[in-house]
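The structure under discussion appears below in the form of structure tokens.
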Amino acid sequence: MLGTKERPRVCVFRSCTNLYLHLVDDAEGRTLYTMSTLSKEFKEKKLKSSRNMEAARALAEMFAQDLKERNVTKVVFDRSGYRYHGKVKVMAETLREHGLTA
């Protein structure tokens, strides 16, 4: 499951306190875009936590909107070894709801 220029990879990472989404082009070996619960835009939402389901949905919505602005509609979803469950599932489904095809 590698990302290309036409279909980059959306990679999920969870730390103990934050969530991260990365857009990666594996053909060139570089990260095209990244967003996390630490970003300024996310903190302006003033959510209770940066690690719950609500935060995962909000982060995925913001990420999807930014990708639409960058004309990215097709991606490969990489759950990074996490089970397709909980926050990872919410992020994937939210990206799909906002028009990204995985």
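In table form, for the structure just shown:
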item	result
Any chance R9 is surrounded by 13 or more Cβ atoms within 10 Å (Cβ to Cβ), touching a residue at least 60 places away in the same chain (Cβ under 8 Å) and within 19 Å of T73 (Cα to Cα)	yes
Candidates F77, F42, F63, filtered to the one that is part of a strand (DSSP E or B) and surrounded by 15 or more Cβ atoms within 10 Å (Cβ to Cβ)	F77
Among residues of the range 45-60, those that are in a helix (DSSP H, G or I), of a type in the set (A, V, I, L, M) and more than 13 Å from the chain's Cα centre (by Cα), counted	1
Positions within the range 3-49 being touching a Lys or Arg at 6+ places or on another chain (Cβ under 7 Å), under 21 Å from G86 (Cα atoms) and hydrophobic (A, V, I, L, M, F, W, C), in sequence order	V12, L19
Scope the range 21-37; condition within 17 Å of S49 (Cα to Cα), free of Cβ contacts under 8 Å to residues at least 24 places away in the same chain and buried (at least 18 other Cβ atoms within 10 Å of the Cβ); matching residues	T37
T17 being in contact with an Asp or Glu (Cβ under 8 Å, 6 or more places away or on another chain), assigned to a loop (DSSP other than H, G, I, E, B) and of a type outside the set (D, E)	no
Test set (1) in contact (Cβ under 8 Å) with a residue 40 or more places away in the chain; (2) of a type outside the set (A, V, I, L, M); (3) out of contact with any Leu (no Cβ under 9 Å at 6 or more places or on another chain) - E93 fails condition number	(1)
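Where a number appears in this text, it was derived from the coordinates with a stated rule and is not lab data. Not measured: the values here are computed from a predicted model. Every residue, glycine among them, receives a Cβ derived from its backbone with ideal geometry; neighbour counts consider all protein chains shown.
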